[in-house]
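The values are calculated or read from the model by the stated rules, or taken from the named source; none is laboratory data. Keep in mind the model is a prediction, meaning the values are calculated, not measured. Cβ placement follows ideal geometry from the backbone for every residue including glycine, while neighbour counts extend to all protein chains displayed. All accessible areas refer to the heavy atoms of the entire protein, side chains included, with ligands and DNA or RNA removed. Shrake-Rupley method; radii C 1.70, N 1.55, O 1.52, S 1.80 Å.
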Amino acid sequence: MYADVIIDISHEQLDKTFQYAVPDELVDVIELGMSVDIPFGAGNRQITGYVVGLGDKAAYPVDKIKYITGITEGKVTAVSRMLKLAAWLKHNYGCTMNQAIKTVIPVKDKVKQKEKRSVNLIIDAAQAQKYLDTFAKKNAKARYRLLEALIKEPVIDESIIKSKLNITAQTVKAFEDMGIAEVRSEDMYRNPVRNVTGERKRIELNEQQKNAVDTIIADYDKGDYKTYLLHGVTGSGKTEVYLETIEHVLNHGRQAIVLIPEIALTFQTVQRFYHRFGDKVSIMNSRMSKGERYDQFERAQMGEIDIMIGPRSALFTPFERLGIIVMDEEHESSYQSENVPKYHARETAVYRAGLCGASVVLGSATPSVEAYARALSGEYKLWTLKKRAGKAMLPTTQIIDL
């Protein structure tokens, strides 16, 4: 087997694939999008590359083709659809394939994993009591205190032992050497959502909201995945339309991405999603640490979350079963990337939805000229919400000649 690999160097002249042979031990595990270690150049310098093609035909003399060294540990694996998206970005926005791949796989390097360590008692009650008596006779206060606590609670978080019981690492190590206790660790994902409880809140939709939701759901159930422009005045309840539609998609075992401009990504805004969907929701924003961002991509790939909320970078969340993309305030200029590739999130969302078989809902009180023109021409489906939700009234306005 041979793999077409793009090397991890941003340079126009190297914007092409290089063919490498796949070692026998990797034939069954290698797949599109994997990050691999490869020997490169005359000195066989070890660098990172991305697999963008697999086949059984050599494009060069076999004796001149080098072998892949191995699969790179600690990288977020891209799926083939994301690589197609990268190719589309390259073609449409004039960048190298490598720059496009780094955009659709924005969290590349794994940050040191956060661990949860606990001390576990591994002897029975009778043995524990004998040790306790021995520690009392020898006046070993720290050991006595730790064992006394473990008898009451056989599993205790290591941080509590250090902070609350004032037990040092040496004492814990001594317990391990004596066969009294063992330290167990498990990976703990950083969760940017803190102190938020999910409590289901529903609001009765008005007729205009209900018509929009029913249409989107009916098209979705028929497999007719369209792009909708929800043109609603401020306070018309566009978010409720998003919530109802997303819930329907989730009930069918699929996932959702909700794009919100960074300026509007406030706790109050996303809290409505948490209250409706609880821990199925995660967020992505520029204030998060590198570790938090990495963990959210890991959680998304492993299927632990079903809704990702964030600015344009959230569009590249590696969901396998993406069913809907919602883009709120679609007119906002922040959806246009200022870095290469200079993609627009709206166009990219529509293309990604096409790859996945997903619907797109664009929302705005003041739609962009491009989106509105497409809606009027029939390329997008237009829904207009003219009334405010509930009994709220639009303010009376006057134009004053100054």
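The accessible surface of the chain, taken with every protein chain in place and a 1.4 Å probe, is 49 percent carbon and sulfur. For region 236-349, rounded, prolate or oblate, judged on the Cα gyration tensor with a ≥ b ≥ c (square roots of eigenvalues), a/c < 1.5 rounded, else prolate if a/b > b/c? It is rounded, given that a/c, with a ≥ b ≥ c, falls under 1.5.
Close amide H contacts of Lys66 (hydrogens built in the peptide plane, cut-off under 5 Å, sequence separation of 5 or more or a different chain): Ala21. Cross-link pairs exceeding 27 Å between alpha carbons, from the set Lys102/Lys381; Lys16/Lys342; Lys64/Lys84: Lys102/Lys381; Lys64/Lys84.
With a sphere of radius 9 Å drawn around the Cβ of Tyr2, what net charge do the other residues whose Cβ falls strictly inside it have (Lys, Arg +1; Asp, Glu -1)? Could the numbers behind the result be given before it?
Working: positive: Lys57; negative: Asp4, Asp56.
It works out to a net charge of -1.
The length gained by stretching the chain between Asp28 and Asp133 to full extension, at 0.36 nm per residue less their Cα-Cα distance, is 32.1 nm. Largest first, the three principal axis extents of the alpha carbons in the chain are 91, 71, 48 Å in whole numbers.
Within the chain, antiparallel bridges make up roughly 50 percent of the DSSP beta bridges whose residues both belong there. Each residue, Ile71 and Asp224, gets one label point 7 Å from its Cα in the Cβ direction; the gap between the two is 4.2 nm.
Residues Val62, Val51, ordered by accessible area of protein heavy atoms at a 1.4 angstrom probe radius and largest first, appear as Val62, Val51. Sorted largest first, the principal axis extents computed over the alpha-carbon atoms of region 340-402 equal 48, 32, 23 Å. Could you give the nm distance between label points at Lys290 and Arg145, where each point is 7 Å from its Cα heading toward the beta carbon? Distance between label points: 3.8 nm. Here's how it looks for Leu322: its modeled amide H is under 5 Å from those of Gln255, which are all 5 or more places away or on a different chain.
In percent, how large is the relative contact order of the chain, given Cα pairs closer than 8 Å and 6 or more residues apart? Don't skip to the end; give the middle numbers.
Values: 669 pairs, mean separation 65.5, N = 402.
After rounding, I find 16 percent.
Once the C-beta distance of Ser185 and Ala125 is scaled by a Förster radius of 22 Å, the resulting FRET efficiency is 0.30 to the nearest 0.05. Computed packing ranks the peptides 245-258, 20-33 as 245-258, 20-33, most packed first, by mean other Cβ atoms within 10 Å.
Between Asn166 and Leu376, the modelled label-to-label distance comes to 7.6 nm, taking each label 7 Å out from Cα in the direction of the beta carbon.
A Förster distance of 41 Å, applied to the separation of the beta-carbon atoms of Thr366 and Ile47, puts the FRET efficiency at 0.30.
With a Förster radius of 30 Å, plug the Cβ-Cβ distance of Thr397 and Asn92 into 1/(1 + (r/R0)^6) and report the FRET value to the nearest 0.05.
Details: r = 41 Å, r/R0 = 1.36.
Between Thr397 and Asn92 the formula returns 0.15.
Karplus-based coupling profile of region 357-373, in residue order and whole Hz: x, 10, 8, 10, 10, 9, x, 5, 8, 9, x, 5, 4, 4, 5, 5, 5, with θ = phi - 60° in 6.51 cos²θ - 1.76 cosθ + 1.60 and x standing for Gly or Pro.
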